[in-house]
Every structure is written in C-alpha cells, then in structure tokens.
1. How far is it, in nm, from the label point at A169 to the one at S132 when both lie 7 Å from their Cα along the line to the Cβ?
2. Per 0.36 nm of contour for each residue apart, how much would the distance between D476 and E89 grow if the chain were fully extended, relative to their Cα-Cα spacing?
3. Under 24 Å Cα to Cα from K387, which lysines show up? Leave out anything in the same chain fewer than 8 places away.
4. If R₀ is 35 angstrom, what is the calculated FRET efficiency for the pair K387 and N450, using the beta carbon separation as r and rounding to 0.05?
5. Sequence-distant or interchain residues sharing an amide H contact under 5 Å with G203, placed H: which?
6. Under a 1.4 Å probe, what is the accessible area of segment 469-576 per residue, stated in Å²?
7. Can you give the FRET efficiency for L333 and N535, using 1/(1 + (r/R0)^6), R0 = 60 Å, r = Cβ-Cβ distance, to the nearest 0.05?
8. At a probe radius of 1.4 Å, what is the per-residue accessible area of I445, in Å² to the nearest 10?
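The values are calculated or read from the model by the stated rules, or taken from the named source; none is laboratory data. Computed from a prediction, not measured in an experiment: that's the story for all the values here. Cβ: placed from backbone, ideal geometry, glycine included. Neighbour counts: every protein chain shown. Surface areas here come from the heavy atoms of the whole protein model, side chains and all, with no ligands, DNA or RNA. Shrake-Rupley method; radii C 1.70, N 1.55, O 1.52, S 1.80 Å.
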Amino acid sequence: MKYLPLLALLCASPAMAQQNNMCVPRALGVPTRDGPPDWVRTRHSAVNGAALPPNDALDDPRWLGATGQTIALGSAKAPLQARALYSAEDIASVPGVTKFLYLSFIIDLDGYYTGANVAPRDLFLGFHRPGSPTGEHGYVFQFHLSGSVAGATANGMMPAPVACDDYAACDEDASTTPHDYWRVFRDLGNPANYDCSGVEVGGRMFEPPTSGTTAAMVVPWMAAQDAVRYWKVSVGDPSPFTQNRWAVQIRVPIVAADATKTSNIGNGVEDGSSVFYEATGRLTSGPSNGTFAPIGWYPMTPSMRPPICTNTGSNNLISAEMSDPVNCVNCQLTHLAALSDLGVGTPVSPACDAGFDIDADHVGVLNAAIPGIETIGPGAGMTHLDKTFSGAATTATPVVNHVIALPVNTSTSQIKSRIQGRFRLAEWGSEPWQVSGDLGQWKDIRGADNGVCGTPPPPPSGNPADPPPPICGETDIAAGKHALLTFDWTIGGDRSAGGIGASEYCEFGLKPPNPNEQCLIPKCSCVAPQVCDPNTGVQAAKDGSATPWPCVPSYYQFDQCMLVELNSPNAPATFVHQSIWSNMRFGEMSTLAHEALIDARHLP
C-alpha cells in the first residue's frame, strides 16, 4: 500500500500532552438483550431460557454505555468513530481469559472518496505490554477492508477475514484479487533505520511473524473464536445511520500480565496493556488502486503524527512514537493511551478521558402539561423530565411530546462540538415478557429519523461550487454544563399522504381522540409482512373515508425503552458513555393506568 505524508491541516503541536486513559465500562446490554454485542451468538440465553438468534446488525443496541471517540479532520462527515466495552460474562469457555474487550471502529469515507462507494480502508490497532516484558514489547494488528462487498449479509456483515503474512500476496496494490484480511506485527525492540512517508529515522519497527510462522499460528484466537468481523453496509440501507458505513468489530481476550513470557499474544492481550489505533483509507482513485492516507488516530501524540506508517517493500510497519524509548528516540509510553477497566463505576476526571456523558435522569419528555420547554438551554437545570409519551385526550387538545436528552460536558473546559442524538424505541410486541425471542425492533422514533442536532446546520450557500453545509452546527458547552437535544413527536400527527395517521394511537395501545377514527377489530395484516405476523396488526378508521389508515404493528403500551445514542457527526469528540436507555410508557393525557410487574425471583 502507498501512504501519503501527514495531512497538512494537522500543523499545531502542543508543548506537552498528558497520557490519555480510555476508561472502558462493562457491557450490560439492554432489556431482553443482555451482555455485550454478539455477532455470532456463541453465548447468551434470552427470556425464558430460549437461545437468542445471532445479531449481525452494525447498530446492535448492546453497544449501550460504551466509551468512545469521534475523530474528525475537517468539516466533512467524521471518518472514524470508535467504541469500547469490557465483558466478563462469556469467559468460561476460554481458559485463562479474565474478560473480553469489545471494540468497534466505524470508518466513513463518503466525504473523502468520490468513487463508486468501494474505497478500501485499513485499521491499525496497537497494544504495548505492561511493565518491562521480555521479548516482545507489543503488537499491531492490521485489518484491511477491500473494495469488494461480495458475501455481505442483508445487514452488511462480511464473512470472517483471512490471515495474511505477506503484502505481496494480499495487498490492495499488489494482489490481482484483493480481499479482506488481517495481519499481526510484533515489536521486538528493533529500531527503524529508514524513512517512511515523512516519518524520520529513529522510530520503532513492528515485524511480521518469522519465517515458518504464520499470523494464524501466532494469534490462533483471532480466527478460532471468530474474533473479528467486517461490515460493509450498502448505500441503500434503510437506516440513515448505517447506510454506506464500513466497520471493523473485534472481540479481544484479555489475559493476566506475565512479564516473564517472551510472547503472550497467543492467549490474548495482557491486562494493563496500553493502546493506540489509526485508520487509513484510499482518498482518490488512481494507478494501482490509488493512494492511502491516515484519516484519524488516537491518541493525538505531542507531535500530532499518526501512529503508524508502512513500507510494503520490507513488509514491516514503523512507528515514530508509539512504544517505549528502547532504540527509539521519539518513543514514550506516555504517548499511548492507558486502557482501564471502569467496571460499573463512575469515571473520575482527570484520571479518565473526559468528554460528553449521558445518564437516564437526563433523558425523557416534556409535554403541554409541563410548560417551560422554551427556556431550557445548554447548561440549564432540569427539575423534572417525564417518562410518559402522551396522546391527545380530545381532538381539540393535541399533545406535543418534546423528547429531550441532555448530555453533559464532564471536562474542565468548554467543548465546541457538533453534538447529535439518535432516539430509538424498543417497540416490543404486546407481551414482551412472555413471548420468547421478542427482542424488540429498536427503531428510530418518527421525527428523529435523521438524528437530532444540538445546533441545526447552516443553510446551503446556494453556490454549487461550495461544499455542502455540515451535518450539525457548532454547539458550545461550558464545563459541567448540558447540551440540549430535543425534537417534537405528536402521536397521530403523521396525517400526510403515506402517513399512518390515527393508526399510531392503536400502535401503542392508545384510544384515538376522534370518535370517527377508532381502532378497528379484527386485527389486520401489515403492508410490510416482515414487521408483523399475519392478522396481528392494528389500524384506525379514517374520518370521512371508507378506507382506513394503514395497518401497523401492535406494540406494548407499558415499559417501552427509549435508547439515546450520542454522536458528533462532523467534529472530534470524546464520549464517557455514548448511550443510555430509559424506561418510557404511553398514556392519554386524561387517564393513565400502569401495569405492574412484580418479580420475586432471587429474593430471600
């Protein structure tokens, strides 16, 4: 592969930078989907002990609560987003493993590449062993996504990538049949005595397995445990949050540190290791499939250089800074990020990377019965957020649900970012606790389908030569203050051509306020059969028409979870917790009855 020098826009260099600390929370899952993301279904059981099916969707809601970073180098769509979770619930089948580290890297290149949505890209993930280990100092994994999408599932998940040991056999520029692959490189303490893509002599060399040894032999768990998968979601995907997205997701076994071992990577990554990563992509087409360049990396080192560059002629990687100072003039361990197990505790700043955080107390709804929505702004206090989505009691009193999330800035300085929220409902069936396998749909709430910006984007300039406006406008959030993400949802208000109208009341077990638009009996069959079983849907009569409103699924009126996921679509950001769920319900303004579930299991 051919790599460009460091992008010219990264010209600032702070005098000194503190070591980053990625404090990783535990994976708790969401109701009816416990534990960490699971793209191969090797572990968990569902409600009533029934096995859950695999979930190969890139937007699996079980990334709930992940810490993460959004890396952006300009005003276009952020090309790199990362998420991380720990899990210890699935270690029984793997001797010696203390927990698993789940990592997700979403690499968006549509703002950088003008080809036919087939821009190849790479992720480099590095670990440095803790303490003063003998033999191998650390490792770099390379995950290459070729331009091919052959074999992708409906959700975009690709077959497991193959191991590669020599660029001549699998490189995008060299191979006649480029394919998805992964590689591993070892830091043996050897210096890099040649230049590479603008990085000066004096770095550290990362070397592939020695002759007679393959990547699959060095890291057997990578393939045997199906530890890595790629996603290449099509442009036509129905969700605007996943369409045209490519991603790498990795499940890394964590083992106890052992400095006496020359190599321990065959068992997993040692607890207490530090971490760095970098994404690269083909920015333009051209000879030999074009030129690759760094598009985002973490942490940002004092020199602002990317962690890795390649020299395909020697089949090695070079790092100018990301190792210990043995045989490396510019290397310092403080340039890497610590990898701390947060458990279910609360991150403490400055020990942990600070940024945006979100909790269930700051997610909810205001409606017409609770005035004051106009006065709520960034940093304003909230004394009450309701947990009930309300319908209208009469046609004369339509209720606007002001759906709200208030992410907080946990850092000690002002954040200038472009914060965005995604709001999803579980949409469980009519009896989610009794029906085995009812995992909900986790669909975007109507009115927030394209995300909700803290500050709307500026309008287009009107000049075709100008770049499109950013996805979200800039929001300034002072230290310790909240940003406001809000949108309006009026149940039954979708009355335009093609809308579901009063059927939306029936959908959530509410009584339409118009006596001429009541829910019909018997049950109906949905227009889209994949969203509900035959004769299980509901619909309302349409006032003044012999044709009723469309047939829609019937959802549980009580205890519908709302999942709020934070993002910074076109600006850099750090997330302490990137998402949270809150228990919500549906009711009419005049009356509200709530079904109670009392569970005495596990009580003395």
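1. If labels sit at A169 and S132, their model points lie 3.8 nm apart.
2. That works out to 135.4 nm of additional length.
3. Filter leaves K443, K481, K511.
4. Numbers: r = 25 Å, r/R0 = 0.71.
FRET efficiency, K387 to N450: 0.90.
5. The list, which skips near neighbours in sequence, is A192.
6. Per residue, segment 469-576 has 41 Å² of solvent-accessible surface.
7. Details: r = 64 Å, r/R0 = 1.07.
My answer for the efficiency is 0.40.
8. Only protein atoms counted, so the area is about 10 Å².
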